[in-house]
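One structure below.
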Amino acid sequence: MIAIRSAYMTFTDDPFVKDLSESMVYESDGLILIEDGKIAKVGPAQDLLPDLPEDVEVHTYKDSLVVPGFIDSHVHYAQTEMIAAYGEQLLDWLNNYTFIAEQGFADKDHATEIANVFVDEQIKNGVTSSVVYGTVFPQSVDALFEVAEKHSMRLMTGKVCMDRNAPEPLLDTAQRAYDESKALLEKWNNKGRLEYVITPRFAPTSTPEQLEALGQLAKEYPDVLIQTHLSENLGEVAWVKDLFPEREGYLDVYDHYGLVRERSVFGHCIHLTDKELQTMHDRGATIAHCPTSNFFLGSGYFDIFKALDPERPVRVGMGTDLGAGTSFSMLATLNEAYKAAQLNNKALSAPRALYAATRGTAHSLYLDDKIGSIEPGYEADLAVIDLHSTPIIDYRMKYAKDIEEVLFIQMIMGDDRAIAATYIDGKRAFNRED
């Protein structure tokens, strides 16, 4: 049992739908009591301290704000080594950088090395849960799960499946994709806090036979996550139309093979039609919003408010999407999400952005009964934000009028330096002072 004393902020409801007074909780001097990896009690420090057992260690953070651990809904750990690879739009970038780097993951030792760097960086950035792409090699998935398991991290990943339009060393077959995915699923799914994810990379790299095989696997495991890419780039959308001329559109390719359902996570989704958004709403599927990647590759700017239209809302999570994404920092990602909204003539407030990166992403993954909130019974995954992490932020904070402005300053100016500590499964997994 430990306790954390600090200001804290969490969400009890959706600020895109409810007024902030009904959806956000802010406590300027709070206490969070953690026992056996779960939040036991939370509230004003003055109310909880008198009954706190004397032997409980209290971690105190001044000039800080505790928030639910950030949740990354779309990221490629295998691209850690090639983050900041210059130039090109999506399809050329994949061929010139990504597919070359991923061939190295046939070596389990190399995969483990990158997995350690990736997980360490996520934790240093306050990311406590993530949905991750492996590579085509099963050992790359084993490596990431093994590293995440050491940290008790809630991590979800799967073997990427590709049987065409990629270099020969990265290709499997429809049968291998099914067999290897199923073996990994049986080995890892729901082992501790780990989950397996059925992972066709995207429609252009899978034949109809492979998509059919993965759809069959999804049918056999109706609660298992699915992840892939959708409508990221206009050239990609046109390519899919050429490859699947019999289908109505990009989403219909996945839908035809039974891959659009609750807990299906589609990365990017910048260029969806109104009909496709309606289908995603009807199926309970999820969009992973990856703004840093979308800007870096010149793919476009996703309209989060259109996706969340209360007339037919689609679930939306936030994603860093390394290595087309440019930072492990969720704060930096929210900075770019703000700009994407501006380009759609909308303003994304800091509370709504922080919701999207915490409880909102948990909701998008159907995990909002476990993570994403600071409430009794929830898993104790927390990020501690130093509100004065750089000299210019320290100066700017002198003029912050209220908690909303404080949050906006952190979201626009903060980065990895803002994370003072990260707690995963009730244990301090990162402490900046160590």
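The values are calculated or read from the model by the stated rules, or taken from the named source; none is laboratory data. Note that the structure is a prediction, hence the values are computed from the model and not measured. Ideal geometry is used to build each Cβ from the backbone, glycine not excepted, and the neighbour counts take in all protein chains shown. These accessible areas exclude ligands, DNA and RNA; they are computed on the full protein's heavy atoms, side chains included. Shrake-Rupley method; radii C 1.70, N 1.55, O 1.52, S 1.80 Å.
Rolling a 1.4 Å probe over the heavy atoms of the protein chains gives segment 294-411 an accessible area of 35 Å² per residue. When the helices of the chain are scored as -39500 (n - 2.57) per DSSP H run of n ≥ 4 and the total is divided over every residue, the value at 222 nm lands at -10000 deg cm²/dmol. Once the Cα atoms are used to define both axes, helix 208-220 deviates from the longest principal axis of the chain by about 50 degrees. The loop-placed GluC sites (Glu not before Pro) in segment 43-89, going by DSSP, that have at most 11 neighbouring Cβ atoms within 10 Å of their Cβ come out as 54. When exposed loop sites are taken as chymotrypsin sites (Phe, Trp or Tyr not before Pro) in a DSSP loop with at most 12 other Cβ atoms within 10 Å, the longest stretch of the chain clear of them is 87-398.
Loop-located trypsin sites (Lys or Arg not before Pro) across segment 131-197 with a Cβ neighbour count of 15 or fewer within 10 Å are 164, 191, with loop assigned by DSSP. Once the dipole of the chain is set up with Lys and Arg at +1 and Asp and Glu at -1 on Cβ about the Cα centre, which of 320, 73, 334 lies farthest towards its positive end? My answer, from the dipole projection, is 334. If you sort 432, 261 by accessible surface, 1.4 Å probe, largest first, the order is 432, 261. Counting every C-alpha pair in segment 85-191, the share spaced more than 22 angstrom apart comes to 36%.
Rounded to the nearest 20, the Cβ-based charge dipole of segment 1-73 about its Cα centre (Lys and Arg +1, Asp and Glu -1) stands at 120 debye. Selection among 184, 64, 52 by position relative to the dipole of the chain gives 64 as farthest towards the positive end (Cβ unit charges, Cα centre). By the Kirkwood approach, averaging reciprocal distances over each pair of separate Cα atoms, segment 187-329 gets a hydrodynamic radius of 15.6 Å.
Run through the DSSP bridge list for the chain and note the antiparallel percent, rounded to the nearest 5.
Counting DSSP beta bridges with both partners in the chain, the antiparallel share is about 45 percent.
With Cα atoms as the point set, the chain shows a radius of gyration and Dmax of 20.9, 69 Å.
Report the convex hull volume per residue for segment 1-111, counting only C-alpha atoms, in Å³.
Values: hull volume 22.2 nm³, N = 111.
Enclosed volume per residue, from the Cα hull, is 200 Å³.
Close Lys pairs in segment 293-408, defined as Cα atoms under 29 Å apart and 8 or more places apart or on different chains, number 7.
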